[in-house]
1. Residues being surrounded by 11 or more Cβ atoms within 10 Å (Cβ to Cβ) and either more than 14 Å from Ala118 (Cβ to Cβ) or in contact (Cβ under 8 Å) with a residue 40 or more places away in the chain (or both): count how many of those fall in the range 85-99.
2. Filtering the range 108-123 down to residues that are in contact with a helix residue (DSSP H, G or I) (Cβ under 8 Å, 6 or more places away or on another chain) and surrounded by 15 or more Cβ atoms within 10 Å (Cβ to Cβ), which residue is farthest from Phe38 (Cα to Cα)?
3. Filter the range 48-78 down to residues that are among the hydroxyl-bearing types (Ser, Thr, Tyr) and assigned to a helix (DSSP H, G or I) and give me whichever is farthest from Leu102 (Cα to Cα).
4. Would you mind stating whether Leu150 is free of Cβ contacts under 8 Å to residues at least 24 places away in the same chain and either surrounded by 13 or more Cβ atoms within 10 Å (Cβ to Cβ) or not in a helix (DSSP H, G or I) (or both)?
5. Among the residues of the range 102-145, count how many are aliphatic (A, V, I, L, M) and either free of Cβ contacts under 8 Å to residues at least 12 places away in the same chain or in a loop (DSSP other than H, G, I, E, B) (or both).
6. If you check Val100, Val119, Val127, which single one turns out to be within 22 Å of Ala75 (Cβ to Cβ), among the aliphatic types (A, V, I, L, M) and touching a His at 6+ places or on another chain (Cβ under 8 Å)?
7. Report, ordered by the first and then the second residue, all pairs with beta carbons closer than 7 Å, sequence separation of six or more or different chains, a first member in the range 25-37 that is without any contact (Cβ under 8 Å) to a residue 60 or more places away in the chain and surrounded by 12 or more Cβ atoms within 10 Å (Cβ to Cβ), and a second member that is of a type in the set (A, V, I, L, M) and part of a helix (DSSP H, G or I).
Amino acid sequence: MRRSAAVAAKEADGPQLDFDELPGYVGYQVRRAQTQIFADLEAALKEFELTPGSFGVLTLIRANPGITQVALAAALGIDKSTMSPVIFRLESRGLIRRKVQLDDRRRHALFIEKAGEAVFITARERVRAAEAGVAARLTKAEQRVLTRLLAKLMGRADPA
């Protein structure tokens, strides 16, 4: 649930909240950082009517022409039912298209459309600028360490 800016400001003026041991939890800190970063990305993508998630979907479709919804959902770590409305919105805006696969008519291959490419290119510049703003809070060495540690938390040997 989102709080309004007025409610957040009023709470900030009130007594200091005791967060007890929460700040010591890795998951808590990662979630707080993710919330702030996504707020920056949402602002960067607002004029394109894209969310950070839909930008990620568009990025993967562009990089993997013909990817299926199932493979896309798996790559992003979300379930197929969550993916369907995102695909529908992108398709209804003419940014992507679905094509029934001949070998399995239950599956659709996804492709970026010309309009989607144009939106993606411009939106990507905004995302890159927002990402640079986030990254600028850390030194290059800290960025590499953070990326490596986050990959390790996800059970991956490398950040790719």
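Bear in mind these aren't lab numbers, they're just calculated from the coordinates by the rules spelled out. Only a predicted model underlies this, so the values are computations on that prediction, with no experimental measurement involved. Note that each Cβ is placed from the backbone with ideal geometry, even for glycine, and that neighbours are counted across all protein chains shown.
1. Looking only at the range 85-99, we keep the residues that are surrounded by 11 or more Cβ atoms within 10 Å (Cβ to Cβ), and these are 86-91, 93-99.
Imposing the further condition that a residue be either more than 14 Å from Ala118 (Cβ to Cβ) or in contact (Cβ under 8 Å) with a residue 40 or more places away in the chain (or both) reduces the set to 86-89, 91, 93, 97-99.
Result for the range 85-99: 9.
2. Going residue by residue through the range 108-123, those that are in contact with a helix residue (DSSP H, G or I) (Cβ under 8 Å, 6 or more places away or on another chain) are 108, 110-112, 116-117, 119-120, 122-123.
Restricting the remaining residues to those that are surrounded by 15 or more Cβ atoms within 10 Å (Cβ to Cβ) gives 108, 110-112, 116, 119-120, 123.
On the way: His108: 29, Leu110: 25, Phe111: 26, Ile112: 24, Gly116: 22, Val119: 19, Phe120: 18, Ala123: 15 Å.
This residue is His108.
3. Going through the range 48-78, the residues among the hydroxyl-bearing types (Ser, Thr, Tyr) turn out to be 51, 54, 59, 68.
Of the ones still in play, those that are also assigned to a helix (DSSP H, G or I) are 54, 59.
Details: Ser54: 27, Thr59: 24 Å.
Top of the filtered list is Ser54.
4. Working: free of Cβ contacts under 8 Å to residues at least 24 places away in the same chain: no; either surrounded by 13 or more Cβ atoms within 10 Å (Cβ to Cβ) or not in a helix (DSSP H, G or I) (or both): yes.
Answer is no for this residue.
5. Summing the residues that are aliphatic (A, V, I, L, M) and either free of Cβ contacts under 8 Å to residues at least 12 places away in the same chain or in a loop (DSSP other than H, G, I, E, B) (or both) in the range 102-145 gives 9.
6. Only one candidate passes the filter, namely Val100.
7. As it stands, the answer is Tyr28/Leu22, since those pairs meet every condition given.
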